[in-house]
Amino acid sequence: MPRLSPGDLAPDFTLPTADGGTITLSHLRGQRVVVFFFPAAMTPGCTTQACDFRDSFETLQGAGYTVLGISPDPVPRLDEFTQSAALTYPLASDVDRTVLTAWGAFGEKKLYGKTVEGVIRSTVVLDEEGKVQLAQYNVRATGHVAKLRRDLGIA
């Protein structure tokens, strides 16, 4: 499974969002973008991760970053998640896992000692031109956003 590396041009996409709209990556050119991939809305780890991004949203936004979460959940589930966790950034639905696969965030992973196929919790940071600045795979739900902020030099 190919993964993105710094300097790669991120694959473009258009996906439906929790609010009933769509988001197209290329429309975000000119902005730095944090894209995080998570396995399933409203599960403990994904809720922790999503809420950490929510709690750091103003700081990330103040540093010039746009935040976007992507999972294979259908739009209604993501809408419910957005409402229940009071998320302040868009969540996009990739039910067929095309974007997850193209970005290296879907494939074989270890889960409780077994090799399974699924979403690989990942975060990719893009520069204003849509090129990968930072790509982190197999990240932990807890503490990841704080580490990401340190890696990006954001207090």
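The values are calculated or read from the model by the stated rules, or taken from the named source; none is laboratory data. This is a predicted model, so every value here is computed, not measured. Cβ coordinates were reconstructed from backbone atoms using ideal geometry, including for glycine residues, and neighbour counts include every protein chain displayed. The protein model used for the area step is the full one, side chains on, heavy atoms only, and it has no ligands, DNA or RNA in it. Shrake-Rupley method; radii C 1.70, N 1.55, O 1.52, S 1.80 Å.
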Can you give the % of DSSP beta bridges in the chain that are antiparallel, to the nearest 5?
70
Per the 1.4 Å probe, what fraction of the accessible area of the range 1-127, in percent, lies on carbon and sulfur atoms?
52
Could you calculate the contour length gain from Q61 to T101, that is, 0.36 nm times the residue separation minus the distance between their Cα atoms, to one decimal place in nm?
11.7 nm
Test of understanding: in a Gaussian network model of the chain with alpha carbons linked when under 10 Å, which of P44, P74, P16 would top the mean-square fluctuation ranking?
P44
Tell me which lysines have Cα within less than 23 Å of K147's Cα, excluding those fewer than 8 residues away on the same chain?
K109, K110, K131
Starting from the exponent 0.38 and prefactor 2.2 Å, build the expected Rg for the chain from its residue count and divide its actual Cα Rg by it.
0.95
How far apart, in nm, are two points set 7 Å out from the Cα along the Cα-to-Cβ line at E117 and at T43?
1.7
Can you bin every Cα-Cα distance in the range 1-68 into 5 Å intervals starting at zero and give me the percent of pairs per bin, rounded to whole numbers?
3, 13, 20, 23, 25, 14, 2
Quote to one decimal, in nm, the extra length available between E128 and I154 on full extension: 0.36 nm per residue of separation minus the C-alpha distance between them.
7.6 nm
Estimated 222 nm signal from helices in the chain, with DSSP H stretches of n ≥ 4 weighted -39500 (n - 2.57), rounded to 500
-8500 deg cm²/dmol
Going residue by residue through the range 69-84, the Karplus relation 6.51 cos²θ - 1.76 cosθ + 1.60 with θ = phi - 60° gives ³J(HN,Hα) values, rounded to whole Hz and with x marking Gly or Pro, of x, 10, 9, x, 5, x, 3, x, 5, 5, 5, 4, 5, 4, 5, 5
Sort the following peptides by mean Cβ neighbour count (other Cβ atoms within 10 Å, averaged over residues), highest first: 45-54, 135-144.
45-54, 135-144
Table column - 3J(HN,Hα) (Hz), the range 5-20, Karplus curve with 6.51, -1.76, 1.60, x for Gly and Pro:
10, x, x, 5, 7, 5, x, 6, 7, 10, 10, x, 10, 4, 7, x
Read phi for every residue in the range 28-39 and hand back ³J(HN,Hα) as whole Hz from Karplus 6.51 cos²θ - 1.76 cosθ + 1.60, θ = phi - 60°, with x for Gly and Pro.
9, 4, x, 10, 7, 10, 9, 10, 10, 10, 9, x
